[in-house]
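The values are calculated or read from the model by the stated rules, or taken from the named source; none is laboratory data. Because the structure is a prediction, the values reported are computed rather than measured. Cβ: placed from backbone, ideal geometry, glycine included. Neighbour counts: every protein chain shown.
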Amino acid sequence: MATILAFQQTRSMYLNYTNYSKPLSFDEWNSLDIDHKIAVLFVQFYDEISLAWTKANAFDFITGEEGVSTMCQYLQKNVPRIEQDPKRFSSAYIYRVAYNCLYCICHDRKCDKDRWEYETSNIIVKDGSEYDLFDTAADRNGTAYDSYQKKQFENEFWSIVRSLGDSAEKVLRYLSSGDVKDLKKVNARSKNYKSDPLRDVEVTLDEANDIIEKLKEKFLSLSSNSSCGEYILRTFTLA
């Protein structure tokens with residue numbers, strides 16, 4: 001079902017803006033200024049507008065924000081018509097206006113028709129598991145297979161590191177930088193404090209050496225059939 005959140009938020013905003021508390025008669029509505037007339041039409045006939053949106057946006061391609069913007073434009077266009085013909089100040093008329101304008105943006109634009117005809121999700125499901133087709137796409141660093149292998153390697157590598165907890169990730173930072181400060185907690189006054197998930201983790205040098213030995217054991221015990229294991233075997237063979 002098409003999202004209705006933007007319409008709900010707009011209705012709430014217009015309720016506050018107009019201090020709307022009960023349905024207005026045509027004469028009461030007609031005495032308002034133009035901006036309030038549009039807002040009250042949106043609020044008073046919200047059920048009809050939201051129903052039209054739900055029915056028109058069956059493909060769910062158009063954002064709620066664009067739907068609201070279009071709806072308000074057409075309400076503005078119709079204010080003079082309603083002023084001249086009080087019978088148009090009705091649920092049936094506003095529903096017809098809403099459905100017609102929203103259907104147009106949801107169905108009649110070629111770009112959206114093409115999306116419906118030709119686009120498909122990058123996520124496929126097979127045997128109960130999800131697969132992302134983007135993982136098979138080639139990049140400038142190699143073929144699609146290379147990209148797949150790289151991702152497999154990264155997943156296995158980080159799975160092993162994280163099996164030893166946050167301290168192991170802290171040690172990797174230290175190994176990357178060679179700076180012992182990276183084993184310390186992050187100062188609360190640092191600009192990176194809030195964004196660093198390891199800010200409260202601290203590791204001593206002895207603990208770091210112990211973690212390094214455990215990581216070595218885990219990586220060296222991997223099967224050569226795994227991504228990391230194959231890489232390690234190839235590295236030691238070349239050495």
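Observations, loosely collected:
- A single member of 181, 191, 170 is closer than 30 Å to residue 234 by Cβ, modelled with pLDDT under 90 and not aromatic (Phe, Trp, Tyr), and it is 170.
- The residue that is farthest from residue 160 (Cα to Cα), counting only those in region 216-236 that are touching a Leu at 6+ places or on another chain (Cβ under 7 Å) and assigned to a helix (DSSP H, G or I), is 232.
- Test: residue in region 32-55 that is polar (S, T, N, Q) and free of Cβ contacts under 8 Å to residues at least 12 places away in the same chain: no
- Residue match in region 54-72 (condition: of a type in the set (D, E, K, R) and assigned to a loop (DSSP other than H, G, I, E, B)): yes
- Each residue in region 1-16 was checked for being assigned to a helix (DSSP H, G or I) and surrounded by fewer than 15 Cβ atoms within 10 Å (Cβ to Cβ), and 6 of them qualify.
Okay, residues lined up against (1) outside the structural domain of residue 34 (by TED's automatic domain parsing); (2) at pLDDT 95 or above; (3) not hydrophobic (A, V, I, L, M, F, W, C):
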{"residue": "51", "(1), (2), (3)": "no, no, no"}
{"residue": "61", "(1), (2), (3)": "no, no, no"}
{"residue": "64", "(1), (2), (3)": "no, no, yes"}
{"residue": "68", "(1), (2), (3)": "no, no, no"}
{"residue": "79", "(1), (2), (3)": "no, yes, no"}
{"residue": "82", "(1), (2), (3)": "no, yes, no"}
{"residue": "85", "(1), (2), (3)": "no, yes, yes"}
{"residue": "90", "(1), (2), (3)": "no, yes, yes"}
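- All of 32, 51 fail the test of being surrounded by fewer than 19 Cβ atoms within 10 Å (Cβ to Cβ), more than 22 Å from residue 80 (Cβ to Cβ) and among the aliphatic types (A, V, I, L, M), apart from 51.
- Qualifying residue in region 196-203 (condition: exposed (fewer than 10 other Cβ atoms within 10 Å of the Cβ), within 32 Å of the chain's Cα centre (by Cα) and in the same structural domain as residue 163 (by TED's automatic domain parsing)): yes
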